[in-house]
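The values are calculated or read from the model by the stated rules, or taken from the named source; none is laboratory data. Owing to the predicted nature of the structure, the values given are computational and were not obtained by experimental measurement. Here Cβ is always computed from backbone atoms with ideal geometry, including for glycine, and neighbour counts include all displayed protein chains. What goes into the accessible areas is simple: the full protein's heavy atoms, side chains included, and nothing from ligands, DNA or RNA. Shrake-Rupley method; radii C 1.70, N 1.55, O 1.52, S 1.80 Å.
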Amino acid sequence: MKKTILLTLALATTFCLGFAFKTIITTNNPNKMKKVTGIGGIFFKCKDPKAMTEWYQKHLGLETNPYGATFEWYEGPDSTKKAQTQWTPFKETTKYFEPSTREFMINYRVENLEALVEELKKEGVTIVDKIETYDYGKFVHILDAEGNKVELWEPKD
């Protein structure tokens, strides 16, 4: 009985240490830097954001808030770490998407925004503004190959 318990504890400890080591190696390995980890938000222009939000609430059942709707999800099938994706209609006259002339902007969740911005600069990507920090994370905007403004967000989850 004692051997079984000791063997089980040894296996569990080995598994946990292996998982922790893999996490440290994956997260801290500069050659395997994660860039995008998910969609942080979908933003689009419309004539009347309030009416659009109400329409989606009524017809598609979105649980709305003053910013649109927030979809909560888990980062992995076995994870307890919650994440979220924001859905937000903007007034069609918004300047927030500039310098892009598109009707939409996508927000991507990223890890280690500072390191990613440095890497993007080296790759010649246009960085639109400086990294801004808020109580819910860090943000910066870039332009993609066709001049679409893209928002990068390192959340504080």
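Structure values in brief
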| read-out | value |
| --- | --- |
| Neighbours by Cβ (under 6 Å, 6+ apart or cross-chain): first from region 37-48, without any contact (Cβ under 8 Å) to a residue 60 or more places away in the chain and under 11 Å from F90 (Cβ atoms); second open to solvent by 20 Å² or more (accessible area, probe 1.4 Å) and assigned to a strand (DSSP E or B) | K45/F90 |
| Residue list for region 37-64, restricted to those being touching a helix residue (DSSP H, G or I) at 6+ places or on another chain (Cβ under 8 Å) and either part of a helix (DSSP H, G or I) or open to solvent by 70 Å² or more (accessible area, probe 1.4 Å) (or both) | E63 |
| Subset of region 131-151 (residues that are among the aliphatic types (A, V, I, L, M) and either at pLDDT 95 or above or exposed (fewer than 15 other Cβ atoms within 10 Å of the Cβ) (or both)) | I131, V140, A145 |
| Of all residues making up region 94-112, the number that are open to solvent by less than 60 Å² (accessible area, probe 1.4 Å), polar (S, T, N, Q) and closer than 20 Å to P155 by Cα | 1 |
| Any chance G76 is open to solvent by less than 60 Å² (accessible area, probe 1.4 Å) and on the phi > 0 side of the Ramachandran plot | no |
| Residue satisfying all of: in region 113-130; open to solvent by 60 Å² or more (accessible area, probe 1.4 Å) and of a type outside the set (G, A, S); nearest to the chain's Cα centre (by Cα) among these | E114 |
| Residue that is without any contact (Cβ under 8 Å) to a residue 60 or more places away in the chain and within 18 Å of the chain's Cα centre (by Cα), where the choices are Q86, Q57 | Q86 |
| Count of residues meeting criterion [without any contact (Cβ under 8 Å) to a residue 40 or more places away in the chain, acidic (D, E) and assigned to a loop (DSSP other than H, G, I, E, B)] in region 105-133 | 2 |
| Residue in region 11-27 that is open to solvent by 100 Å² or more (accessible area, probe 1.4 Å), among the basic types (K, R) and at pLDDT below 50 present | yes |
